[in-house]
Every structure is written in C-alpha cells, then in structure tokens.
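Asks: I'd like to ask some things about the structure below.
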Amino acid sequence: MHDYLIIGQGLAGTWLSYFLLQKNKKILLIDDAHPLAASRVSSGLMNPITGRKLVKSWRAETLFPFAKTHYRELEDLLQTRFCYDRTMVWLLSNVKELNTFWARSGEEGYDKYFKNIQNEAFHPAFKNEVGFGEISGAMFVNTPQLLSSYRQHLQKKKGLIEAKFDYNDLILNEKSVTWQGIEAKNIIFCEGHQSRFNPYFNWLPFVPAKGEFLIVEAKDLDLEKAQQIIKNKITLLPLGNDRYWVGSTYEWKELNEIPTSKARQDLLIQLDNTLQIPYKILDHQAGIRPSAKDRRPFLGLHPQYPNMGIFNGLGTKGVSLSPYFAHHFAAYLESEEVLQKEVDIRRYEMLI
Ligand SMILES: Cc1cc2nc3c(=O)[nH]c(=O)nc-3n(C[C@H](O)[C@H](O)[C@H](O)COP(=O)(O)OP(=O)(O)OC[C@H]3O[C@@H](n4cnc5c(N)ncnc54)[C@H](O)[C@@H]3O)c2cc1C
C-alpha cells in the first residue's frame, strides 16, 4: 500500500512528494501533464521586492533562503541545472519612481536588496528612463525543465502515472483510499486551479487569475550574459538565444487558457513603451494562477475526511512559496509540526 497518492505534479505536487520521499514515505503521483498548467508556463521568477511600492515579498527572509537551498539540492539530485541567481533591473520612468527607490533603499531590512541606483539610462535599447535601480536576491527557475526532470526521475522509480484523475473513481475506505485498484493511506490534492472543480474542496475561496505572456526574440539586448531581468510595468526575462519572456496580464473573469487579442495588444503597448530596438513575436500563451482569496496558500486536511488533504493557493508566487510550505505540510502530515494558522484551510471551515 502507498502512504500517499498525490494528484497533480506542478510545483506543489513536486515539492510535496520530494519532502515526503525524504521521510521514506511510499508515494504515487497522478498527473495529466497539461502543457498549460501554471507551473509549465510560469516565468519562474522569485523576486524579493514587488509592486510599485517596492514592498518586500511576504516572509521573504524565511522563504527565499529556504527555496534557494532546496532548488539547488534538487538540481544536485536530478543532475540538471534549472535555477539561476538574477538581478532585477527596475527601469524608472519619472522622478517620483526614482525617489521611491531611494527612500525604500534606506529602510531597515531593505538595504541588503537595493544595490545600485542611478539617475542615468540603463541601456540604449530601452526608452523613457530617468534612471534605474538594481535589486539583488532574485532567482529564475526554469520550471518546465524542473518538472520534466523530476517527472523522469519519479517515472524511473514507478512513482508517477500519467493519467487524468477522475473524482468519481475515488473510493473512500475507512482508513485508506482506492483509485483504479491502487490503495493508499492518504490522498493529497495538488491540482492547481483545477481544484475549483474538486468536489471535496470546491468550498475553498479560490480566486484564480488568468495570465497571458509573449515570447519575443530581440537581438542586441544581451541581458542573459549580465544575468539581469528587466522590470517596469512588464517583466522582460531572458530565456537564452535572444528570446525573452514578456508578461504578464491579469484577468479574473474569462478563466480559460486561450490567448486573447486584447491581452496581446496590452502587452505590445507596454513593450513598445519599453524597447526601442526591433523584436519579433515568437509565441503568445496563457495560463491560470491558482490564487486564494487572501493570497495565502491552502494547506490542510479535509474537515470530514482526515486522510484527504490539499496543497494549493500558490497564486502568483508558487516558485518561492512551494518549497517551504511543502516541507511544512509534509512535516504536519507526519505529525512533526503544527500547521501554521495563516495557511491552514481551517480558516475557511465555516464555508463548507
Ligand atoms: C503566466 C504566469 C506566470 C507566472 N509567473 C510566476 C513567476 O514568475 N513566479 C512565481 O512564483 N509564480 C508564477 N506564476 C504562478 C505559478 O506558476 C503558480 O503559483 C504555480 O505554478 C502553481 O503550482 P501548482 O502545482 O499549485 O499548480 P499547477 O502548476 O497548475 O499544477 C497542477 C498540476 O496538476 C495537474 N492536474 C490538475 N488536475 C488534474 C487531474 N484531475 N488529474 C491529473 N492531473 C491533474 C495539472 O496538469 C498540473 O500538472 C505564474 C503563473 C502564470 C499563469
């Protein structure tokens, strides 16, 4: 019998299975390899300072070092490179933005991230700049690469089945669950935004956000060599070979993975306001971020079925949140830690 059946191999399922395996648990992942799952289209960025107000990311001091250590550990295990230290370069288009940057850089706890602020143009390829500011401590994780390497690793150990999990096939026994003749002591759902349709957890307040992005080719930028990611109203992230990830949009109503001409136009306006060198659009895609109403992860066991759990709600920050909270959840599942209240799904138990 398996200890855990895990549904979904995005970042959540990957990290949860990783930490459970470290505890010598017998696990089996079921994943349908959806090519547009959030973890497969993500820009893979861990950015310690976010938003126009340049605020430190929630629990950055704890989550970022933890994530960095464990992404490196996973690289070693899989013998594959997918995680890279990066500097964020914020292009500042007016004096107010420049002043905000200066002010924040002097604040306690922020100084270590702000490494260089200049009131001059950053690079001749960009326009409308009064200056730029550099923020250190960011990381780019090539999430499709991570997911496919880890998948192969699990498949070799017979730890993953590529299949669509149908909730109607789940049999709940007194102290275990059975799916297609496979029995496990526990089942944990990590289906990303698809958890909205999970009959056991659809009461959780999911607020998924569709995001669209472009892949463009721009020669003569050379940001890859300098290990830099550009940020203003959009993010320009080097993918290698003169290709850049450019995104992204936010849409809460039309929740599908179909690229729209409206989003394309919005992204192109931003890109034209940013770049003054020619570029070529290579691709345009969309994905859905599995966000929670209060923007905090969903961790926990079902109030009525104690051997059924969920790890979700990673929203816009799955790359930095998933290692730490998967580790915490695995420890909770094995009765080694008490679940942190802020992420415990019992905060929404009244909705069931
Ligand atoms: C455009 C975009 C850009 C983003 N950029 C960033 C970023 O730069 N940094 C960052 O931190 N976060 C980013 N995110 C968010 C990040 O991608 C998510 O937080 C994270 O990937 C969520 O991981 P997950 O494992 O919870 O869900 P998912 O990645 O959606 O994984 C769920 C998995 O479950 C599978 N599945 C679902 N239902 C079933 C079923 N019934 N049977 C079998 N398999 C099933 C799916 O195929 C998938 O493989 C971005 C998201 C988008 C859409």
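Each reported figure results from applying straightforward, stated rules to the coordinates on display, with no laboratory input. Here the structure is a predicted model, which means the values were calculated and not measured. Positions of Cβ are backbone-derived with ideal geometry, glycine not excepted, and every protein chain shown enters the neighbour counts.
Asks: When residues of the range 230-266 are filtered for being in contact with a Phe, Trp or Tyr (Cβ under 7 Å, 6 or more places away or on another chain) and among the aliphatic types (A, V, I, L, M), how many remain?
Replies: 4
Asks: Taking the range 66-94 on its own, how many of its residues are more than 16 Å from the ligand (Cβ to nearest atom), surrounded by fewer than 20 Cβ atoms within 10 Å (Cβ to Cβ) and not β-branched (Val, Ile, Thr)?
Replies: 10
Asks: Say whether the condition of being more than 6 Å from the ligand (Cβ to nearest atom), hydroxyl-bearing (Ser, Thr, Tyr), more than 27 Å from residue 93 (Cα to Cα) and touching a strand residue (DSSP E or B) at 6+ places or on another chain (Cβ under 9 Å) is met by at least one residue in the range 32-54.
Replies: no
Asks: Which pairs do you get when a residue that is under 26 Å from residue 304 (Cβ atoms), found in the range 158-178, comes within reach of a residue that is among the acidic types (Asp, Glu) and more than 15 Å from the ligand (Cβ to nearest atom), reach meaning Cβ atoms under 7 angstrom, with the pair 6+ apart or on two chains?
Replies: Cβ pairs passing all conditions: 176/183.
Asks: For the subset of the range 274-327 comprising residues that are part of a strand (DSSP E or B) and of a type in the set (Phe, Trp, Tyr), which member is farthest from residue 176 (Cα to Cα)?
Replies: 298
Here's the yes/no breakdown for (1) surrounded by fewer than 19 Cβ atoms within 10 Å (Cβ to Cβ); (2) closer than 21 Å to residue 298 by Cα:
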site	(1), (2)
187	no, yes
202	yes, yes
211	no, yes
217	yes, no
243	yes, no
253	yes, no
266	yes, no
269	yes, no
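Asks: Let me ask something else. Would you please name the residue that is farthest from residue 335 (Cα to Cα), looking only at residues in the range 279-294 that are away from the ligand (no atom under 11 Å from the Cβ) and of a type in the set (Lys, Arg)?
Replies: Top of the filtered list is 280.
Asks: List pairs: first in the range 23-35 and over 11 Å from residue 4 (Cα atoms), second part of a strand (DSSP E or B) and of a type outside the set (A, V, I, L, M, F, W, C), Cβ under 6 Å, 6+ apart or cross-chain?
Replies: 33/162
Asks: On to the next question. Name the residue, out of 11, 36, 28, 63, that is surrounded by fewer than 22 Cβ atoms within 10 Å (Cβ to Cβ) and within 18 Å of residue 317 (Cβ to Cβ).
Replies: From the options 11, 36, 28, 63, the qualifying one is 63.
Asks: Okay, next question. Could you please let me know if residue 305 is surrounded by fewer than 16 Cβ atoms within 10 Å (Cβ to Cβ) and hydroxyl-bearing (Ser, Thr, Tyr)?
Replies: yes
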